[in-house]
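All remarks here apply to the structure that follows.
Derivation of every value follows stated rules applied to the coordinates shown; laboratory data play no part. All values derive from a computational prediction rather than experimental measurement. Heads up, the Cβs are rebuilt from the backbone with ideal geometry, glycines too, and the neighbour counts pull from every protein chain shown.
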Amino acid sequence: MMTRKEQVINDVLMAMRVHLTAQVMSILQDVLTQAFYGVEVIEEQTALATQDMTNDYIIELFQTKKAPKLSERTAEQYLRHINLLIDMVHKPLTQVTENDVEYFLMKYRKKGNTSRTINNCKRFISAFFTWMRKVKLITENPCENIDRFKETRKPIEHLEPEQWEQLKTGCNSTRDRALLEFLRCTAMRDGEVPAVRVCDVDWYDGKIVIFGHKTDRYRLVCIDRVAKEYLLKYLQERGINQSSREPLFIARGTHNALKRTGIYSAVKSIAARAKMDINVYPHLIRKTTATNIIKRGGDSEKAGDYLGHVDQNTANQYYTYKSDDYIINIFRSYVAAV
C-alpha cells in the first residue's frame, strides 16, 4: 500500500494543482521525489487516515498525477466511466471487487449498450484500476480476470467514391470544401486540426508537420493541388497571406481556431445538406483515406504509417527509420487526387 512519504508528496501535489501548469507540476514532482529520497516519514499518532482514501481523494489524485499525462478527452473518459461504476456499486474504489465490476457491466449491458461499448467501458475502468495499483492504492486490479464480451466485427465504415462526390454537394462555403479536402488529404484526427496554423503549411511542397496528442509525437502529412486550391481561396476570402500565424481554420465571425466540436458540427452540417443516407463524421473521412490507400495498391502498414499509428513491431519502432520521402511517396501514390 501507499507509504506515508508517498502520501505526503501526493498531498503537496494536489494542493498545488490549481496553482501550477502541468509542466511545472511535473518539475515539482521531480523536486519532491529528490528531496524525499532517503527520508523516512513516520505518522505522528495514527496510521493513514481512512478519510484520505475516499473516492474524492482518489479522483483528485488521478487528476493531479495521471490526467496531465493523458489527452483531455481520454482523461474525461477515464473519469466518466469510473464515476458510472461508483454510482452503481456505492463503495470506496479501494474495496471494489471483481464481482462488483461484473455486476456493473451486466447492468450496463441491460441498458442496451453494445458489446463494443461495454468492452470500451471496461477498458477505461481497468486502466483506472491499473493506475491505482501502480500508485499503491490497491494491490490487485479487479478487472484483470474479467473476459471481454464477444463482439461482432462489422466491415470498416468508409465513403465510396460516389458518396464522397455526393458529400461535396453539401458544401455551401469555401471553408466547407477546404475542410473536407484537408481532412481527406491529411487523414488528421479532428482533435489535431485546431492546432494547425496557416504558417505551418509548406505551401510550395504541400507538407505539414503536425503533433499527434494521441501518440505524443510529430508526424508529416500532406495536401494535394485540390486541397491547396480551396485552402488558398479560403485564405484569400479571409484577407490573410500564407505566412499568417492565424489558425488554418477559424470559427465563423472570429479569429479563433475552429475547435474539435466545431469541426464535427461542420462535417455533420455538410452531410445533412448533401442528404447523405449514412452517418458521416470527421473520423469517417480518416477511415476513407486509409481504405483508399489499400484500394489503390498500398498495404495496411503504409496506411498505418501515413495515419500516424504507433507500430507495435519492435523492429519498426526502434530499428527502422522511415524518412519524410517515404511518407510523401505514400501520399503521392495512394492519397493525392489524380
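Laid out as a table, the results:
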quantity: Per principal axis, descending, Cα span of the chain in whole Å; calculated: 74, 47, 46
quantity: Proximal charge balance of Asp325 [Cβ under 12 Å; K/R count +1, D/E count -1]; calculated: +1
quantity: Fewest-first sequence of Lys136, Lys302, Lys287 by Cβ atoms within 10 Å of each Cβ; calculated: Lys136, Lys287, Lys302
quantity: Relative packing of 224-233, 247-256, which averages over residues the other C-beta atoms within 10 Å, highest first; calculated: 224-233, 247-256
quantity: Under 19 Å from Lys275, Cα to Cα: lysines that are on another chain or at least 8 residues apart; calculated: Lys168
quantity: Under 16 Å from the Cα of Lys136 - lysines, other chains or at least 8 residues apart; calculated: Lys5, Lys65, Lys66
quantity: Relative contact order (%) - the stretch 4-134, alpha-carbon pairs under 8 angstrom, separation at least six; calculated: 24
quantity: Kyte-Doolittle at least -1.0, axis length at least 24 Å by Cα - qualifying DSSP helices, the chain; calculated: 72-89, 115-134
quantity: Over the stretch 4-134: Kirkwood hydrodynamic radius from C-alpha pairwise inverse distances, Å; calculated: 16.5
quantity: Cβ-defined net charge surrounding Cys143, 11 Å radius [Lys, Arg +1; Asp, Glu -1]; calculated: -2
quantity: Neighbour-count order for Phe149, Phe128, fewest beta carbons within 10 angstrom listed first; calculated: Phe149, Phe128
quantity: Cβ-based net charge around Ser173, under 14 Å, with every Lys or Arg adding one and every Asp or Glu removing one; calculated: +4
